[in-house]
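These notes concern the structure reproduced below.
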Amino acid sequence: AAMSWRALLSHSVREVRLHFDGSADSGQYALRWLRRNYRDTKRLNPSLPILVREAPNVRPVMYARYAYGHERSFDLADLDEQAIDERLRMLGDFGRSFPPAPAPATAPDVTSAAAPPESQWCWRPDEH
């Protein structure tokens, strides 16, 4: 059941952003959650941008961006990993309340452009 909702995130959420201070006590659960859940979440939602912003003196917050520019966020301070997972599920559920966005216009073919190596754009749990 846990994986079923996670696999549907990209159907309702356009982007997930996680801001936290990995060296602060308040950011430790967020960092631990990322280490344990980032790869599976990304594997199940390869087209969903999951942006990680680690910076000093930042409260841990999870943001979700939806169609039509809507956003919603949750403060993650003092939440354990299970509670953070529940907030992500809630953000996904909230996104399903919006009408579907129109299909994007056809983009120009960029398949010939060289993509940066994965190490330059992918957050890696083993590096933190």
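Quick note: the coordinates plus some simple rules give every number you see, no bench work behind them. Note that the structure is a prediction, hence the values are computed from the model and not measured. Note that we place each Cβ from the backbone using ideal geometry, even for glycine, and neighbour counts take in every protein chain shown.
Worth pointing out:
- Spacing of the modelled spin labels on Arg43 and Ser73, each 7 Å from Cα toward Cβ, amounts to 3.1 nm.
- 20 Å reach of a label modelled at Asp25, 7 Å along Cα-to-Cβ, counting backbone N of the stretch 72-92: 75-84
- Descending by average beta-carbon neighbour count within 10 Å, the peptides 26-39, 74-87 line up as 26-39, 74-87, the highest first.
- Working from label points 7 Å from Cα in the Cα-to-Cβ sense, the Ser4 to Asp93 distance is 1.4 nm.
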